[in-house]
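> Here it is: the structure, laid out below.
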Amino acid sequence: MAIINLNVNGKTLSVDVDPSTPLLWVLRDHLNLVGTKFGCGMAQCGACTVHLNGNAIRSCTLPVSSVKTNAIVTIEGLSEKGDHPLQQAWEELDVSQCGYCQAGQIMSAAALLKRNPKPTDQDIDNAMSGNICRCGTHVRIRKAIHLAAKKSKK
Ligand code: FES
Ligand code: FES
């Protein structure tokens, strides 16, 4: 075990964990940030997506020891009141079905909009291809990303 300091959602937090523990389990089990989900554990489904220095990454395969001082943002830290343009668009278009994959979808979409504020369908499909939805919400997700892009420009 080791004490590890992390920068999560703008706060410095300490955890006492095995340094090889994947970031996902530190977020869920030690910091109670349970919006980030476990799907495959093999970087294949995107359910565990968070931001590391603004980039979408799979937290299920990243050892917490390798995070160091890099800024982590989870779905809980994406906006103060759950009112990020993507969250508004998701609600407006009723994107979620069972909801399990959606935090990961929104985090991938947020990273996309940051680097590409006006993505095409193809840009969206490329950026979101690693986020699987078993409920088949991909068409609504694409629409919601376009809507959020419009909202962000206002
Ligand atoms: S749980 Fe991390 S990619 Fe599936
Ligand atoms: S909404 Fe059910 S898995 Fe995506």
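> Can you find, among Ser129, Ile141, Leu113, the residue farthest towards the positive end of the dipole of region 85-153? Put +1 on the C-beta of Lys and Arg, -1 on that of Asp and Glu.
Among Ser129, Ile141, Leu113, the one farthest towards the positive end of the dipole of region 85-153 is Leu113.
> A follow-up question, please. Relative contact order for region 2-78: what is it in percent, counting Cα pairs under 8 Å that are at least 6 residues apart? Mind showing how you got there, number by number?
Values: 149 pairs, mean separation 28.9, N = 77.
Over region 2-78, the number comes to 37 percent.
> Next question, about the same structure. Once phi is turned into ³J(HN,Hα) by the Karplus curve 6.51 cos²θ - 1.76 cosθ + 1.60 with θ = phi - 60°, what whole-Hz value does each residue of region 110-124 show in order, with x for glycine and proline?
5, 5, 4, 5, 5, 8, 8, x, 10, x, 7, 4, 5, 4, 5
> Turning to a different aspect of this structure: Considering only lysines 8 or more places apart in sequence, or on different chains, count the pairs in the chain whose C-alpha atoms sit under 22 Å apart.
24
> Search the structure for amide H atoms under 5 Å from the amide H of Val50, placed 1.01 Å from N in the peptide plane, and list their residues when 5 or more places away or on another chain.
Answer set, sorted by chain and number: Ile57, Ser59.
> Further question on the same structure: Place a +1 charge on the Cβ of each Lys and Arg in region 64-154 and a -1 charge on the Cβ of each Asp and Glu, then give the dipole magnitude about the Cα centre in debye, rounded to the nearest 20.
On the way: 13 positive and 9 negative charges, 60 e Å.
It comes to approximately 280 debye.
> Pop out the ³J(HN,Hα) list for region 32-47 in order, Karplus 6.51 cos²θ - 1.76 cosθ + 1.60 with θ = phi - 60°, rounded to Hz; leave Gly and Pro as x.
Taking θ as phi minus 60°, the curve returns 6, 9, 8, x, 7, 9, 9, x, 9, x, 10, 6, 10, 10, x, 4 Hz for region 32-47.
> Around Thr36, what is the net charge, scoring Lys/Arg as +1 and Asp/Glu as -1 over all other residues with Cβ under 9 Å from its Cβ? The partial results should precede the final answer.
Values: positive: Arg28, Lys37; negative: Glu76.
Once all neighbours under 9 Å are counted, the net charge is +1.
> Would you mind getting me the FRET efficiency between Gln122 and Lys150? Use the beta-carbon distance for r and R0 = 25 Å, nearest 0.05. List each step's numbers first, then the result.
Working: r = 18 Å, r/R0 = 0.72.
Calculated value: 0.90.
> Please compute the volume of the convex hull spanned by the alpha-carbon atoms of region 2-78 and report it per residue in Å³.
Dividing the Cα hull volume of region 2-78 by its residues yields 75 Å³.
> Explain nothing, just the number: dipole magnitude of the chain about its Cα centre with +1 on each Lys and Arg Cβ and -1 on each Asp and Glu Cβ, in debye rounded to the nearest 20. Write out the running numbers ahead of the final one.
Working: 17 positive and 12 negative charges, 102 e Å.
Computed charge dipole of the chain: roughly 500 debye.
> Still on this structure: Taking only protein heavy atoms and a 1.4 Å probe, what accessible area per residue, in Å², does the chain have with all protein chains in place? Show your work: numbers first, answer last.
On the way: 8180 Å² over 154 residues.
Value returned for the chain: 53 Å² of accessible area per residue.
> Which percent of the accessible area of the chain is formed by carbon and sulfur heavy atoms (probe 1.4 angstrom)? Spell out each step's value before the answer.
On the way: 4100 of 8180 Å².
After summing per-atom areas, the C and S share lands at 50 percent.
> Return the Rg/Rh value of the chain, two decimal places, where both radii are evaluated on C-alpha atoms and Rh is the Kirkwood radius. Mind showing how you got there, number by number?
On the way: Rg = 15.2 Å, Rh = 15.6 Å.
Checking Rg against Rh, the ratio lands at 0.97.
> How large is ³J(HN,Hα), in whole Hz, for each residue of region 85-100 in order, when computed from phi with the Karplus curve 6.51 cos²θ - 1.76 cosθ + 1.60 and θ = phi - 60°, using x for Gly and Pro?
For region 85-100, the Karplus-derived couplings read x, 5, 5, 5, 5, 4, 5, 4, 9, 6, 5, 5, 10, 6, x, 4 Hz, x marking Gly and Pro.
> Now for a different question. Calculate the tail of P(r) for region 85-153: the fraction of all Cα-Cα distances greater than 19 Å, expressed in %. Walk me through the numbers before you get to the answer.
Numbers: 444 of 2346 pairs.
Of the Cα pairs, 19 percent sit more than 19 Å apart.
The values are calculated or read from the model by the stated rules, or taken from the named source; none is laboratory data. Model, not experiment: these values are computed from the prediction. Every residue, glycine as well, gets a Cβ built from its backbone with ideal geometry; the counts of neighbours run over all protein chains shown. For the accessible areas, the whole protein counts, side chains as well, though only heavy atoms, and no ligand, DNA or RNA atoms are used. Shrake-Rupley method; radii C 1.70, N 1.55, O 1.52, S 1.80 Å.
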